[in-house]
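The values are calculated or read from the model by the stated rules, or taken from the named source; none is laboratory data. The model shown is predicted, which means the values in this text are computed figures rather than measured ones. In this analysis, Cβ positions are derived from the backbone assuming ideal geometry, glycine residues included, and neighbour counts consider all displayed protein chains.
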Protein chains: 2
Amino acid sequence: MSSEDALIRWLRGLQPGSGLDRPGDDAAIVGRGAAARALTTDQQVAGVHLPADLDAAVWARRLLAVNLSDLAAMGAQPCAALLTLAVPPGFALRRFLRAAVAACREAGVALAGGDVARSAHAVTTMTLIGRRPRGGRWIPRRAARPGDRLWLASPVGGSAVGQRLVARGARLTPRGVRWSPADPMPGSLRGLAELAVRRHLAPQPQLDLGRWLGTRPRAAAIDVSDGLAADLRRLCAASGVGAVVDAGAIPIDEAARALSPRLAESALDLALGGGEDYSLLFALPPRAAPPPRFGASAIGRIVEARGVRIERDGHRMRVPGGWDHLRRGRARREP
Amino acid sequence: MSSEDALIRWLRGLQPGSGLDRPGDDAAIVGRGAAARALTTDQQVAGVHLPADLDAAVWARRLLAVNLSDLAAMGAQPCAALLTLAVPPGFALRRFLRAAVAACREAGVALAGGDVARSAHAVTTMTLIGRRPRGGRWIPRRAARPGDRLWLASPVGGSAVGQRLVARGARLTPRGVRWSPADPMPGSLRGLAELAVRRHLAPQPQLDLGRWLGTRPRAAAIDVSDGLAADLRRLCAASGVGAVVDAGAIPIDEAARALSPRLAESALDLALGGGEDYSLLFALPPRAAPPPRFGASAIGRIVEARGVRIERDGHRMRVPGGWDHLRRGRARREP
């Protein structure tokens with residue numbers, strides 16, 4: 001478990017009986033019956049999640065997308081947003097707000113309020129409110145049962161590649177990706193490298209799939225924000241179960257396959273340990289397969305024995321850790 | 001108007017018909033009928049709102065208090081909170097969270113979720129959700145009408161004194177206020193100086209008064225966060241009216257009276273221009289006086305002619321600006 005998980009466990013102990021008392025879902029449910037709402041909040045910090053010099057419009061859209069992904073994992077329909085910005089004097093505030101307003105409108109979200117303050121560096125926070133679609137359920141993490149099949153909605157590992165390319169100076173601009181002179185990208189790799197940067201900076205929340213999952217009698221879901229392995233551990237811990245994953249069945253982003261040698265990391269490590277893919281990871285009873293239009297892949301099964309086991313050809317593999325926002329980098333790199 | 005007001009006006013223009021389209025209240029109303037909720041968000045930034053070395057428990061309680069004050073101004077009953085923290089490695093996170101949980105419990109608020117990330121300096125954000133008490137109304141800013149009496153719930157100016165003392169090194173600790181050796185406080189002033197520091201760092205949201213205002217057929221309210229003059233201008237602008245304030249009737253905090261000579265500022269300037277008092281400023285029809293238990297003072301009247309006029313003995317006075325969180329300090333100090 002990461003330090004963030006440990007902190008949440010500790011915090012739950014402080015207030016038994018509260019919403020935090022249950023293993024944390026991607027959003028909190030506040031209120032009851034028709035008045036129940038899903039609430040989630042997420043932040044993007046300069047120098048941690050995003051480079052300080054990122055195009056403010058890209059930044060704004062990503063802030064909305066990572067919050068929408070939390071609602072997607074709950075099966076919620078986004079309604080309204082609050083935006084809280086702490087930004088330094090040179091920050092392109094109007095560009096940020098114009099993009100935030102446009103992105104909210106596209107997502108059917110009313111930007112209802114917020115707060116702006118100055119700060120030595122940019123910390124941007126969004127709170128999203130979602131409702132339960134008519135006929136839908138909230139999707140918890142804790143509903144996985146032994147025998148369920150485990151699904152992953154879209155390829156993973158691409159965002160981790162993009163994150164490393166951005167760390168080396170690549171930037172997404174309105175005219176495409178600009179490569180750093182210090183890390184020029186060979187022409188043959190540019191297409192996939194650009195895709196990876198987009199996967200990282202412009203993730204696509206899977207709201208339609210979340211709504212479909214909410215119509216199932218039983219589904220458990222989480223969005224892959226901290227890495228497939230780490231988020232699968234969370235889903236399993238919340239459900240009191242374990243999982244066996246077939247490494248060969250994991251859809252690995254083609255950018256991760258193509259660029260992993262250049263990054264001196266294995267594509268599977270990027271897929272398992274790289275965070276911020278914002279793909280939905282979910283468990284369904286064995287006969288309930290998602291419609292093909294969602295392009296999800298069956299990657300394993302839920303088992304009774306606790307823990308996450310990654311297998312290749314029946315042999316157990318090492319499981320890398322995920323991104324932990326409280327540490328300085330990948331958890332597995334810590335001493 | 002401050003740069004923050006100008007930004008909000010500009011933002012409203014970007015999304016006509018949204019909640020932002022109306023002159024901003026202290027919280028946004030999301031949903032309809034019984035499902036309607038008041039949502040507010042506010043942040044406390046190290047080096048802007050609070051000194052980076054402030055006791056984390058004091059910090060946590062202040063973050064909750066400033067958000068509760070927004071709900072008080074709406075007549076809302078607080079229900080749930082989300083907490084988003086971007087904090088540097090040395091930040092006393094557990095002390096902060098323990099205090100946040102305790103303060104939320106005391107206020108009847110469920111701390112329902114949040115997010116923690118690292119950051120070069122601390123930016124702490126809270127979102128609060130409130131419901132409408134049974135039989136109550138949401139209190140808007142825009143309901144003031146010519147002929148209304150203008151009321152202020154509690155003395156102002158004390159927080160501004162506290163802010164200046166904190167800037168000079170005073171710190172609130174579990175054992176009282178510790179004075180900086182560089183700015184020793186004479187014994188005769190210590191009691192009031194300590195009161196001012198508490199007014200600034202440990203404000204008291206006026207939820208009971210807000211609930212009472214919500215039972216009135218018509219009331220307009222705002223909490224004094226950016227200074228009495230600036231927030232009165234907002235109330236008037238939202239209502240399309242003006243106000244005449246009797247300077248002699250403004251309840252000025254006794255700490256502001258006692259310490260203003262030492263700060264080389266007038267007590268009235270501190271009361272009118274100093275921010276973060278979190279006192280409710282409200283307008284009521286002439287015959288509707290708040291019950292004496294709230295200790296509110298009638299400070300003037302709402303008039304048809306736009307603008308805010310401060311009078312002493314019938315003569316118009318200069319009105320100082322208020323705190324603007326987007327600028328480097330008090331608006332009136334800008335060149």
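Numerical summary
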quantity: All strands (runs of 3 or more DSSP E) inside region A:81-188 with 3 or more residues being over 21 Å from the mean Cα position of the chain (by Cα) and either in contact (Cβ under 8 Å) with a residue 60 or more places away in the chain or outside the structural domain of residue A:264 (by TED's automatic domain parsing) (or both); calculated: A:110-118
quantity: Selected residue [within 14 Å of another protein chain (Cβ to nearest Cβ) and in contact with a strand residue (DSSP E or B) (Cβ under 8 Å, 6 or more places away or on another chain)] from B:132, B:142, B:178; calculated: B:132
quantity: Filter pass, residue B:266 being at pLDDT 95 or above and polar (S, T, N, Q); calculated: no
quantity: Some residue of region A:50-64 being farther than 30 Å from residue A:120 by Cα, crowded, with 19+ Cβ neighbours inside 10 Å and at pLDDT 95 or above; calculated: no
quantity: Criterion (surrounded by fewer than 21 Cβ atoms within 10 Å (Cβ to Cβ), in contact with a helix residue (DSSP H, G or I) (Cβ under 6 Å, 6 or more places away or on another chain) and in a helix (DSSP H, G or I)) met by exactly one of B:209, B:192; calculated: B:192
quantity: Filter result for the condition that a residue is in the same structural domain as residue B:210 (by TED's automatic domain parsing), at positive phi and of a type outside the set (Lys, Arg), over B:307, B:275; calculated: B:307
quantity: Condition check for residue A:257: outside any loop (DSSP other than H, G, I, E, B) and of a type in the set (D, E, K, R); calculated: yes
quantity: Whichever residue in region A:101-113 is in contact with a strand residue (DSSP E or B) (Cβ under 8 Å, 6 or more places away or on another chain) and more than 9 Å from chain B (Cβ to nearest Cβ) and, among such residues, is farthest from residue A:47 (Cα to Cα); calculated: A:108
quantity: Cβ pairs under 6 Å, 6+ apart, first in region B:30-44 and without any contact (Cβ under 8 Å) to a residue 60 or more places away in the chain and in the same structural domain as residue B:65 (by TED's automatic domain parsing), second charged (D, E, K, R) and not in a loop (DSSP other than H, G, I, E, B); calculated: B:30/B:37; B:31/B:37
quantity: Selection status of residue A:289, under 30 Å from residue A:186 (Cβ atoms), out of contact with any Cys (no Cβ under 9 Å at 6 or more places or on another chain) and not acidic (Asp, Glu); calculated: no
quantity: Which listed residue, of B:159, B:154, is at pLDDT 95 or above, within 21 Å of residue B:71 (Cβ to Cβ), polar (S, T, N, Q) and surrounded by fewer than 24 Cβ atoms within 10 Å (Cβ to Cβ); calculated: B:154
quantity: Criterion: over 22 Å from residue B:69 (Cβ atoms) and either among the β-branched types (Val, Ile, Thr) or touching a Ser or Thr at 6+ places or on another chain (Cβ under 7 Å) (or both) - qualifying residue of B:173, B:215; calculated: B:173
quantity: Unique match (being touching a Lys or Arg at 6+ places or on another chain (Cβ under 6 Å) and of a type in the set (Asp, Glu)) among B:223, B:148, B:183; calculated: B:183
quantity: Residue in region A:279-301 that is in the same structural domain as residue A:204 (by TED's automatic domain parsing), crowded, with 18+ Cβ neighbours inside 10 Å, at pLDDT below 95 and under 21 Å from the mean Cα position of the chain (by Cα) present; calculated: no
quantity: Condition check for residue A:118: closer than 25 Å to residue B:112 by Cα, buried (at least 16 other Cβ atoms within 10 Å of the Cβ) and not polar (S, T, N, Q); calculated: no
quantity: Residues of region A:67-80 classified as within 12 Å of chain B (Cβ to nearest Cβ) and either without any contact (Cβ under 8 Å) to a residue 60 or more places away in the chain or surrounded by fewer than 24 Cβ atoms within 10 Å (Cβ to Cβ) (or both), total; calculated: 2
quantity: Set B:123, B:116, B:161: member being among the aliphatic types (A, V, I, L, M) and more than 10 Å from chain A (Cβ to nearest Cβ); calculated: B:161
quantity: Residue ID - farthest from residue A:235 (Cα to Cα), chosen from residues in region A:265-318 that are in contact with a strand residue (DSSP E or B) (Cβ under 8 Å, 6 or more places away or on another chain) and part of a helix (DSSP H, G or I); calculated: A:267
quantity: Members of region A:167-189 found to be touching a helix residue (DSSP H, G or I) at 6+ places or on another chain (Cβ under 9 Å) and among the basic types (Lys, Arg), listed by number; calculated: A:171
quantity: One residue from B:150, B:54, B:50 being farther than 30 Å from residue B:36 by Cβ and more than 13 Å from chain A (Cβ to nearest Cβ); calculated: B:54
